[in-house]
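Asker: Got a structure here, written out as structure tokens. Questions coming.
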Amino acid sequence: MSPARPRIVAVDGPAASGKTTLARRLAAHFALDFLDTGLLYRAVARRLLDQGRGLDDQAAAARIAAAIGAADLDPAGLRAEQVSQGASRVAAIPAVREALLSFQRRFGEGARGAVLAGRDIGTVVRPDAGRKIFVTASTEERARRRCKELQANGVPSIYERVLEELRERDARDQSRAVAPLLPAGDAFVIDTTDKDIETAFAIARAYVAGASGAARPSPCRPA
Ligand code: CDP
């Protein structure tokens, strides 16, 4: 039996919460397209840095954002810490967010439907998503995961420094005026602090398929 397939699944959460891995697996399982929207903000920051411009050059950032397309989203070169911090800075510029909106909205309009991972998918980009998940984990656990991931990729990393950078980025993402990081009121929250990816995926899959009691309010039917 093929799994039930919602058209749009929003997966939001802070850095290193496990949202991207979860979102990618959900997309594969439910045969939906997948977009990691963080790459859009990373691509804008990367290009600004490459052009030698300041991350506070709002006009240039907005111009770059308006020209970003699928071809710019190759993760190679977009994962460096400098780009992570830069992405979170350009993501606070309203004109950048506005310029990236239509790409994100159009992405979900493909015939297959889509899983979009980010910070504001359930609140701003697709508040109409059929399923919304907010993935979270303690800051210390997220720092531990990011540190391991960086080291596995050959980037020498110190836990305390990674923790500090995560806190900095969380604070910026949560406090910005436009589309701050926060769970949608109707999001299904998964705390992955004590869960491995298999456990988190099983919970998310059940919710997306509509099998989780907590997932959807049950319709009122006559007894
Ligand atoms: O992978 P990680 O969670 O570390 O970061 P990411 O998802 O690639 O996002 C990088 C930065 O882009 C975040 O810190 C946010 O500031 C910003 N972002 C955003 O504002 N809205 C989104 N939908 C996705 C990312």
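The values are calculated or read from the model by the stated rules, or taken from the named source; none is laboratory data. Everything numeric here is computed off the predicted structure, so don't read it as measured data. Quick reminder, even Gly has a Cβ in these numbers, built from the backbone with ideal geometry, and neighbours come from all protein chains shown. Heads up: the accessible areas ignore ligands, DNA and RNA and are worked out on the full protein's heavy atoms, side chains in. Shrake-Rupley method; radii C 1.70, N 1.55, O 1.52, S 1.80 Å.
Asker: State yes or no: is A27 within 21 Å of V189 (Cα to Cα), in contact with an Asp or Glu (Cβ under 9 Å, 6 or more places away or on another chain) and modelled with pLDDT under 95?
Answerer: No.
Asker: If we keep just the residues of region 146-176 that are open to solvent by 50 Å² or more (accessible area, probe 1.4 Å), within 12 Å of the ligand (Cβ to nearest atom) and not charged (D, E, K, R), which is nearest to A206 (Cα to Cα)?
Answerer: Q174
Asker: Name the residues in region 54-81 that are modelled with pLDDT of 95 or more and open to solvent by 70 Å² or more (accessible area, probe 1.4 Å), would you?
Answerer: The answer is Q58, R63, A66.
Asker: Then there is this: Only residues that are within 7 Å of the ligand (Cβ to nearest atom), assigned to a helix (DSSP H, G or I) and of a type in the set (D, E, K, R): list them for region 12-56, please.
Answerer: Within region 12-56, K19, R42 qualify.
Asker: Restricting region 106-123 to residues that are at pLDDT 95 or above and open to solvent by 10 Å² or more (accessible area, probe 1.4 Å), which is nearest to D170 (Cα to Cα)?
Answerer: Only one residue fits best here, namely R119.
Asker: Please go through region 70-99 and give me each residue that is more than 8 Å from the ligand (Cβ to nearest atom), closer than 19 Å to R176 by Cα and assigned to a loop (DSSP other than H, G, I, E, B), ordered by number.
Answerer: Result: I93, single match.
Asker: Scan region 106-141 residue by residue and report those that are among the charged types (D, E, K, R), over 14 Å from the mean Cα position of the chain (by Cα) and under 25 Å from S84 (Cβ atoms).
Answerer: E140, E141
Asker: Sort out which residues of region 156-188 are touching a residue at least 12 places away in the same chain (Cβ under 8 Å), among the aliphatic types (A, V, I, L, M) and out of contact with any Asp or Glu (no Cβ under 6 Å at 6 or more places or on another chain), and write them in order of number.
Answerer: Hits for region 156-188 are V162, L163, L166, A177, V178, L182, A184, A187.
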